[in-house]
Amino acid sequence: MKYRELGNTGLTVSEISFGTIPILSGNVKVLPEYFSPGEDMAIKLMEYAYKLGCNFYDTAIVPEYGDAEIKLGKFAEYIGRKNIIISSKARFFNGNDMYRAVNESYNNLGTYADIYFVHQVNSESEDSTFEKYGAIDALTQLKKEGKILFTGIASHYYDILLRGAKDSRVDVLQGSGNLLERGMLNRINKEQAFRNKGFVLNKVYAAGILPEFFDIHTLINNVLSYSITTALIGLGTMEQVKQAMCYETCPELLPFSQVMARLEKSFTSINCDRCQRCYCIYGTEIHVLFRQYNYYHLGKDYWALRKLNLNIEECADRCKQCTDMTCMNDCPKDINIPKKIQEIRDFVKRH
Ligand code: SF4
Ligand code: SF4
């Protein structure tokens, strides 16, 4: 295992970190499937990762990740609190709610979280998160009180992560990316503002999809070639822990065109790397639609279709009436976005 500096925090974390979604129990709709081991097994899994060099474990408040936060707290006590770094998170965006959430997490864990993230910040919650007396102010206050050591923002959106990168109150960022969805990582690599922050990368396996098509070493090496601190991987079995923690360094990184060529054997994919440069004046999240379409064909059929079905009709109708087509201005892949959206609508209708 190799280690990297977590931005300016002074912490050194393992390149591979342990995501606790697969060890949760409870009725949680985080992902379509998870492993749900009991407490003893969950602790054994985390211990095995620790023995293989992992020192960073990420979770979220109960019940967002079921009881994973409690299991992680038990593991911390068992292995020795000072031997590991813990991050937790909650989807609260105003200061009061976030303040209460961190105290609740403290009780669940039985200890402090080194890093606490405002979770899944999106365009609707962005302003309340960043404004005065918002969630970041609350985390800053909790840091002063010694209830957490560092503050964080977790988001799937590049612009929000960039805002966090430029905000002196924020210490660590958590975002998503992988071999296929690497557009945001390419942008982060070029943007100086990210250099002083720790960066935790989740969705390295794209919700478990990519290991069907690429070996684990390739998936991990590709993301570690970017300027991130640690690849956060959800782990639920001993075999998964071993594969992730014992990855071999391979110098050959897979170009995007080769990734697409391999996937094209299964279906005609949309050539989108989720760089998020396409701006829709009506707020259509184009990169999310394209992801669901690709994910459908990569094995997440029911889940992806259900999500697409929520708003594809509206999105496609808006495109039909749209005269500005601002989305087309900056797409580096020259995707005919409105045409693809119509195709997705037809596809959803057929299925
Ligand atoms: S064409 Fe569609 S996606 Fe593009 S800007 Fe117009 S409404 Fe938005
Ligand atoms: S459609 Fe184009 S601009 Fe939008 S996320 Fe995909 S590659 Fe980037």
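Estimate the FRET efficiency between MET325 and GLU191 by the formula 1/(1 + (r/R0)^6), using the beta-carbon distance for r and 30 Å for R0, to the nearest 0.05.
E(calc), rounded to 0.05, equals 0.70.
With a 1.4 Å probe and all protein chains kept in place, how do LYS320, LYS147 rank by accessible area, largest first?
Largest accessible area first, the list is LYS320, LYS147.
Would you mind checking the radius of gyration and Dmax of the chain based on alpha-carbon positions, in Å?
Every Cα atom of the chain included, Rg and Dmax give 20.0, 61 Å.
Roughly how many Å is it from the Cα centre of segment 67-102 to that of segment 217-232, as a whole number?
Value for the Cα centre distance between the two parts: 24 Å.
Give, rounded to the nearest 20 debye, the magnitude of the charge dipole that the chain has about its Cα centre when Lys and Arg contribute +1 at Cβ and Asp and Glu contribute -1 at Cβ.
300
Would you work out the relative contact order for segment 3-245, in percent, from Cα pairs under 8 angstrom that are 6 or more residues apart?
Dividing the mean separation by the residue count of segment 3-245 yields 23 percent.
Leaving ligands and nucleic acids out of the surface, order SER269, SER36 by accessible area at 1.4 Å, largest first.
In descending accessible area the options line up as SER36, SER269.
Mind checking the full-extension length gain between GLU248 and TYR133? Use 0.36 nm per residue of separation minus the Cα-Cα distance, one decimal, nm.
36.8 nm
Determine the calculated [θ] at 222 nm for the chain from helices alone, applying -39500 (n - 2.57) to every DSSP H run no shorter than 4 residues and normalising by the residue count; nearest 500 deg cm²/dmol.
Calculated mean residue ellipticity at 222 nm is -12500 deg cm²/dmol.
Could you pull out every one of the lysines with an alpha carbon less than 22 Å from that of LYS71, ignoring same-chain neighbours closer than 8 positions?
LYS29, LYS44, LYS51, LYS82, LYS89, LYS147, LYS203, LYS242
Roughly speaking, what is the stretch gain from ASN8 to ASP97, that is 0.36 nm per residue apart minus the C-alpha to C-alpha distance, in nm to one decimal?
So the extension gain works out to 29.3 nm.
When we measure straight from the Cα of LYS190, which lysines land under 20 angstrom away, once same-chain ones fewer than 8 places off are left out?
List returned: LYS166, LYS333.
Which residues make up the longest stretch of the chain clear of GluC sites (Glu not before Pro) that lie in a DSSP loop with no more than 15 other Cβ atoms within 10 Å, not counting the sites?
Between the exposed loop sites, the longest stretch runs 34-123.
Considering only LEU179, VAL118, THR151, whose Cα is most displaced toward the positive end of the charge dipole of segment 104-183, charges sitting on Cβ of Lys, Arg (+1) and Asp, Glu (-1)?
THR151
Roughly how many nanometres apart are two label points built 7 Å out from the Cα toward the Cβ at LYS144 and ARG350?
5.9
Give me the one-decimal nm value for the distance between modelled label points at ILE281 and GLN258, 7 Å along each residue's Cα-to-Cβ direction.
The modelled label-to-label distance comes out at 4.2 nm.
The values are calculated or read from the model by the stated rules, or taken from the named source; none is laboratory data. Quantities reported herein were computed from a predicted structural model and do not represent experimental measurements. Ideal geometry is used to build each Cβ from the backbone, glycine not excepted, and the neighbour counts take in all protein chains shown. Just so you know, the surface numbers come from the protein's heavy atoms only, side chains and all, with ligands and any DNA or RNA stripped out. Shrake-Rupley method; radii C 1.70, N 1.55, O 1.52, S 1.80 Å.
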